[in-house]
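The numbers here are math on the coordinates, done by the rules we state, and not lab data. Being a predicted model, the structure only gives us computed values, none of them experimental. Cβ atoms come from the backbone with ideal geometry, glycine included; neighbour counts cover every protein chain shown.
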Amino acid sequence: PVSAEVNTDIVTLTRFLTEEQAKHAEATGDFTLLCHALQFSFKSIAYYIRRATLINLTGLAGSSNTTGDDQKKLDVIGNDVFINAMRSSGKVRVLVSEEEEEAIIFSEHPNARYAVACDPIDGSSNLDAGVSVGTIFGIYKLAVGARGTDKDLLLPGTELVAAGFTMYGASAQLVLTMKGGAVNGFTLDNALGEFILTHPNLRIPKKRAIYSVNEGNSLYWEDPVKEYFNSLKYPTEGGKPYSARYIGSMVADAYRTLLYGGIFAYPSDKKSPKGKLRILYECAPMAMVMENAGGQAVTGNMSRMLEAVPEHIHDRSGIFMGSYGEVQKVIDIFEAHTKKN
Ligand code: P6P
């Protein structure tokens, strides 16, 4: 019968959040409402990206189009959409955005209890080439008595109450995880305008012969990093070399690593001693996703990524993340080098 092929029990993100809230008797509903504002911003950004080329939104802010007027570009639009969604939710006190030098304090919501860090359109420089970009976010709950300043976000990723990202690819894919919880994947159904639970309880494969790193930086790499990647490319015990997959857009490389396994790395190196990727809205949220999916994530000097505490809201870090055993190989090589020296 047709009914056997039609799923009439669809789990939307809205339903998922309602069911999650019901599991916590003390929940006030604030987090749920914050997530509704989040999902609205993902739907809006997905809409603008889909139409970007048609309505000449490509190129970056500051670049002018043929007539010379500097139109708003996607990276600015994505930021504005996100700020307005967070402000209007009434649940956010402090917002840190990759696009804003200073933290945004929503003084109109003095009692709001959440702080959000985000990169509204990570990888935006790839947009014109049609490469998948994404929004990366992390949500912290303010400490009781917090004054609502950027200091409220200078916390380790272990304090994140939720984190994830939305990749704007063939369809918008949302990956969401809560503190100590599972990793769940949702796909935006444009017809319904709803994110549908398509990847419940995502677990990163234990092994996969894929490495993802910008080898154009290998001149600057420290010796243990060179030794690790060479061990994948020139296997001694006669094993097969790994495949290289590097898109250059963190959400796309992270999503593939989460689904297929392997390792993604942006090492700190002689050129960027503190690394390139930002702790608050790139490394920590991704590390939480990888750990909750059964993988691991470490900084450029092999400490646990989620324990890194930024001193400034835009601080950077080196990062290795992905399948548990793969990241463990890097840790072991660094340890062997430390013992030698
Ligand atoms: P590189 C994009 O600009 C970004 O911030 C991440 O999305 C991506 O992983 C990284 O930088 C790519 O950097 O130096 O390899 O171009």
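Could you tell me the largest-minus-smallest coordinate of the C-alpha atoms of the chain on each of the three principal axes, in descending order and whole angstroms?
Sorted from largest, the Cα extents of the chain read 57, 56, 51 Å.
Helix-only mean residue ellipticity at 222 nm, the chain, DSSP H runs n ≥ 4 weighted -39,500 (n - 2.57), per residue, nearest 500. What is it?
Values: 7 runs with 96 residues, N = 341.
Computed mean residue ellipticity for the chain: -9000 deg cm²/dmol.
For GLU19 and SER171, what is the calculated FRET efficiency with R₀ set at 30 Å and r taken between the beta-carbons, to the nearest 0.05? Mind showing how you got there, number by number?
Details: r = 23 Å, r/R0 = 0.77.
Computed FRET efficiency for GLU19 and SER171 comes out at 0.85.
Relative contact order (percent) for the chain, with alpha-carbon contacts under 8 angstrom and 6 or more residues of separation? Could the numbers behind the result be given before it?
On the way: 678 pairs, mean separation 50.3, N = 341.
Value for the chain: 15 percent.
Quick one: of the DSSP bridges fully inside the chain, what percent are antiparallel, nearest 5? All intermediate terms of the calculation are to be shown ahead of the outcome.
Details: 45 of 54 bridges.
Given both bridge residues lie in the chain, the antiparallel proportion sits at roughly 85 percent.
What residue among ASN292, ASN79, ASN301 has the largest mean-square fluctuation in a Gaussian network model of the chain, using Cα springs under 10 Å?
ASN301
Quick one: LYS270, LYS151, LYS240, LYS91, fewest Cβ neighbours within 10 Å first, how do they rank?
Details: LYS270 10, LYS151 13, LYS240 7, LYS91 25.
The fewest-first ordering by Cβ neighbours comes to LYS240, LYS270, LYS151, LYS91.
Compare TYR168, TYR234, TYR211 in a GNM of the chain, Cα atoms joined below 10 Å, and give the one with the largest fluctuation.
Fluctuation is largest for TYR234.
Debye calculation, C-alpha points only, no solvent: report log10 I(q)/I(0) for the stretch 196-243 at q = 0.16, 0.17, 0.26, 0.30 Å⁻¹, in the same order as the q values.
-0.60, -0.65, -1.04, -1.19
Mind running the shape call on the stretch 168-214? Use the C-alpha gyration tensor, a ≥ b ≥ c as the square roots of the eigenvalues: rounded below 1.5 for a/c, prolate if a/b tops b/c, oblate otherwise. Walk me through the intermediate numbers first.
Values: a/c = 2.54, a/b = 1.44, b/c = 1.76.
Verdict is oblate for the stretch 168-214.
Could you let me know the centre-to-centre spacing of the stretch 281-341 and the stretch 154-229, using Cα atoms, in angstrom?
If we compute the Cα centre of each part, the gap is 14 Å.
Return, for the Cα atoms of the stretch 174-322, the radius of gyration and Dmax in Å, separated by a comma.
16.1, 52
For the stretch 200-341, calculate the relative contact order in percent as a whole number, restricting contacts to Cα pairs under 8 Å that are 6 or more residues apart.
Values: 243 pairs, mean separation 42.9, N = 142.
After rounding, I find 30 percent.
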